[in-house]
Amino acid sequence: MTNEECMKVALEEAEQSVREGQAPFAVVVTDPEGNIAWKDHDRVKEFMDPTAHGEINAIRYLCKKLNTLSLKGYTFYTTSEPCPTCMTGMIKAQVSKNVYGAKTESTASLPLSATMIASYSKKYPIQVIGDVLADECLAQRNRLLGL
Ligand SMILES: [Zn+2]
């Protein structure tokens, strides 16, 4: 699947997130062969946990399911640029790549860029590719957040 195809699946997952009463932030994870391994989304209100972002939920689920602490070779597709909590989580989980849609610097509670955080990761390098379907992702986020 192409980056754009995976991002479209993430956009669908963000719609599902809002249908479930959560924030419009979704993640699609592909395995080293490029197949979708998991989809998830924001569950902050569901879990009453401010850190229950889609990426963190996916890391917890996949590491437990695969009985591993390393998601090396995996790619996380996120509709919005990951927050610092999620970027750090992905680095700790040794995720190889993050592909995101819309930047979040204007609305984030802690606006640090994913690329900047990734640049500090020497032990577990992570590639960051932004602006994939950025217009669609930004339009969806603004619509679902009522902005
Ligand atoms: Zn996050």
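Values quoted throughout were computed directly from the atomic coordinates according to the rules given, and no laboratory measurement underlies them. Bear in mind the structure is a predicted one, so any value in this text is a computation, not a measurement. We place every Cβ from the backbone using ideal geometry, glycine too, and count neighbours over all the protein chains shown.
Summary table
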{"quantity": "Given charges at beta-carbon only (K, R positive; D, E negative), |dipole| of the chain in Debye", "calculated": "600 debye"}
{"quantity": "Listed residue pairs exceeding 18 Å between alpha carbons, taken from LYS92/LYS122; LYS64/LYS123; LYS65/LYS122; LYS39/LYS65", "calculated": "LYS64/LYS123; LYS65/LYS122"}
{"quantity": "Cα centroid separation - segment 45-121 against segment 2-23, whole Å", "calculated": "15 Å"}
